[in-house]
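Q: Quick one: this structure, given as structure tokens, is what I'll be asking you about.
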Amino acid sequence: MLLVGHGTVLTLGEPNRVITDGAVLIDGTVIKEVGLTGELRSRFPEASFIDARGKLIMPGLINSHMHLYSTFARGMDAKSKPPKSFTDILQGLWWKLDKLLTLEDVYYSALVPLIECVKTGTTTIIDHHASPMAVRGSLDRLAQAARETGVRSAFCYEVSERDGERIAQEGIAENTDFISACQKAPDSMTAGLFGLHASLTLSDRILAQCREAAAALGAGFHIHVAEGREDVEDSLAKSGLRVVERLHKFGILGAKTIAAHCVHVNEREIEILRESATQVVHNPESNMGNAVGAAPVLRMLAAGVRVGLGTDGYTADMFESAKVANLLQKHAAADPSVAWAEVPDMLYGNNPKIAGQLFGGRYGELSPGAKADLIIVDYLPPTPLTGENWSGHLLFGVSGRAVETTVTDGKVRMLRRELQGIDEERINARARELAQKLWQRI
């Protein structure tokens, strides 16, 4: 057993509690008890003990839309003209990068941000992958990297017709094989979804084929939805339907499906998302960086759509994503009073529900029976921290780099900023070598 104590415990979940000099007792992969440090230490003297030294103990964070493969774009010259549209960004950057990835590139470009997840307190991610010239086996390499770093991860391969029929069929097979393998040997650390790129790179024929393949497995989809206006225009031209309407027609939406972005959706589409129980993930930094607009997050939440929070590969730091989401919604609404409750609900309420559907179990809370994912944050509150004002403390007082200890599935992955069993220096050195070779291939 492992006891993490002598800290301010923020349990989150229901009921949310703040426990001064609190402790969390972990038994195997789940939380056994939460209470006062002195009491738990006296009752469980045999437990290994981590002293939080008065700092904040809270649940690990969840990223509901990530792109691990984007790592090698950091500092890269794509040899493209400055983008003027979202299409320019796709064609001039991402569709240049992903075509050049080898399976070794996939592995190392995943290890780096997974380490950053550990270092910034993200214990679970839902990833969306593309490597068109190295499709087969790519999800296994991602899962290998996740196992080695200890980050709970769900993976999918984005099926797309932009690289032709053969690559599209390889993507379907990669999703099918990976999901099947996860189902045959289930564990709470790895899961599979059926990946689709976006409506604008998928024909009716391939959408129908993917629907049949996923239905045979009982799997949900992970797809970009109405991220840019181009997606809407393409869908209308193809089908006379907007993106959400088209995907709904083909049976892509539903309670197991993650629709990333949903920037350009109207009221009817929001109602379809609600009726189908489709889960939406907002990615504020990416939307701002790509200049595609601000997703109508507040309207979706008010309508009863479950909206989570992701980063789209822009960062591994979910504290950062929450800060930007708060600002973006205020800016878009021209109203400083909004997003105070909605953004915490997305990150600390809805993301754990999305993870629970995928992996089974309870996440995002420190309570008996919940999965043993927790972090110690180097934050000593300068004002009273209570069960009512905790989100303001996290918003204005905490960033990912304040995380000093990370525990996932009951195992210590980082202790007082020292990674456990992970050779970060060696991994980064090899990543630099591979990135340089990839850049030379552009």
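The values are calculated or read from the model by the stated rules, or taken from the named source; none is laboratory data. These numbers were taken from a predicted model, which means no experiment stands behind them. A quick note on method: Cβ atoms are made from the backbone with ideal geometry, for glycine too, and the neighbour counts reach across all protein chains shown.
Q: Sort out which residues of the range 184-195 are crowded, with 22+ Cβ neighbours inside 10 Å and part of a loop (DSSP other than H, G, I, E, B), and write them in order of number.
A: LEU193
Q: From the set of residues in the range 318-372 that are in a loop (DSSP other than H, G, I, E, B) and of a type in the set (Asp, Glu), which is nearest to MET300 (Cα to Cα)? It would help to see each step written out before you state the result.
A: First, pick out the residues of the range 318-372 that are in a loop (DSSP other than H, G, I, E, B): 334-341, 360-370, 372.
Keeping just the survivors that are of a type in the set (Asp, Glu) gives 335, 365.
Details: ASP335: 17, GLU365: 24 Å.
For the range 318-372, the residue satisfying everything is ASP335.
Q: A further question on this structure: Of everything in the range 405-421, what is over 16 Å from ALA316 (Cβ atoms) and either in a loop (DSSP other than H, G, I, E, B) or touching a strand residue (DSSP E or B) at 6+ places or on another chain (Cβ under 8 Å) (or both)? Give them in sequence order. Don't jump to the end; show me each part of the working.
A: Going through the range 405-421, the residues over 16 Å from ALA316 (Cβ atoms) turn out to be 405, 407, 409-412, 415-416, 418, 420-421.
Within the range 405-421, THR405, VAL407, ASP409, GLY410, VAL412, LEU415, ARG416, GLN420, GLY421 qualify.
Q: Still on this structure, I have one more. What's the total number of residues in the range 288-298 that are under 18 Å from MET66 (Cα atoms) and crowded, with 24+ Cβ neighbours inside 10 Å?
A: 1
Q: May I pose another question? Among the candidates ASP140, ASP163, single out the residue that is surrounded by fewer than 22 Cβ atoms within 10 Å (Cβ to Cβ) and either under 18 Å from SER70 (Cα atoms) or at pLDDT below 95 (or both).
A: Just a single option satisfies the conditions, and that option is ASP140.
Q: Residue under question is THR201, and the condition is that it be surrounded by 15 or more Cβ atoms within 10 Å (Cβ to Cβ) and under 30 Å from THR29 (Cα atoms); does it hold? Give the derivation first.
A: Numbers: surrounded by 15 or more Cβ atoms within 10 Å (Cβ to Cβ): yes; under 30 Å from THR29 (Cα atoms): no.
For THR201, the condition - surrounded by 15 or more Cβ atoms within 10 Å (Cβ to Cβ) and under 30 Å from THR29 (Cα atoms) - is not met.
Q: Across the range 352-400, what is the total count of residues that are surrounded by 20 or more Cβ atoms within 10 Å (Cβ to Cβ) and at positive phi?
A: The total comes to 1.
Q: Can I ask one more? Note down all Cβ pairs under 6 Å where the first residue falls in the range 251-265 and is in the same structural domain as CYS156 (by TED's automatic domain parsing), the second is aromatic (Phe, Trp, Tyr) and buried (at least 24 other Cβ atoms within 10 Å of the Cβ), and they're at least six residues apart or on different chains.
A: Within 6 Å, the pairs are ILE252/PHE221; THR257/PHE221.
Q: Which residues, counting only those in the range 94-112, are of a type in the set (A, V, I, L, M) and within 15 Å of ASP163 (Cα to Cα)? Step through it out loud before you land on a result.
A: As a first pass, look at the range 94-112 and keep what is of a type in the set (A, V, I, L, M): 97, 100-101, 103, 106, 110-112.
Those that are of a type in the set (A, V, I, L, M) and within 15 Å of ASP163 (Cα to Cα): LEU97, LEU100, LEU101.
Q: If you scan the range 10-22, which residues turn out to be farther than 18 Å from GLY392 by Cβ and surrounded by 17 or more Cβ atoms within 10 Å (Cβ to Cβ)?
A: GLY13, ILE19, GLY22
Q: Of the residues LYS411, LYS353, which is in the same structural domain as ASN326 (by TED's automatic domain parsing) and touching a residue at least 40 places away in the same chain (Cβ under 8 Å)? So that I can check it myself, show each step before the final result.
A: On the way: LYS411 fails: in the same structural domain as ASN326 (by TED's automatic domain parsing).
After applying the criteria, what remains is LYS353.
Q: Among (1) in a helix (DSSP H, G or I); (2) under 21 Å from PRO296 (Cβ atoms), there is one condition GLU227 misses while meeting the rest; what is its number?
A: Every condition holds for GLU227 apart from (1).
Q: Between a residue in the range 392-406 that is closer than 22 Å to SER337 by Cβ and at pLDDT 95 or above and any residue that is part of a loop (DSSP other than H, G, I, E, B) and among the charged types (D, E, K, R), which pairs come within a Cβ distance under 6 Å, given they are 6 or more apart or on different chains?
A: none
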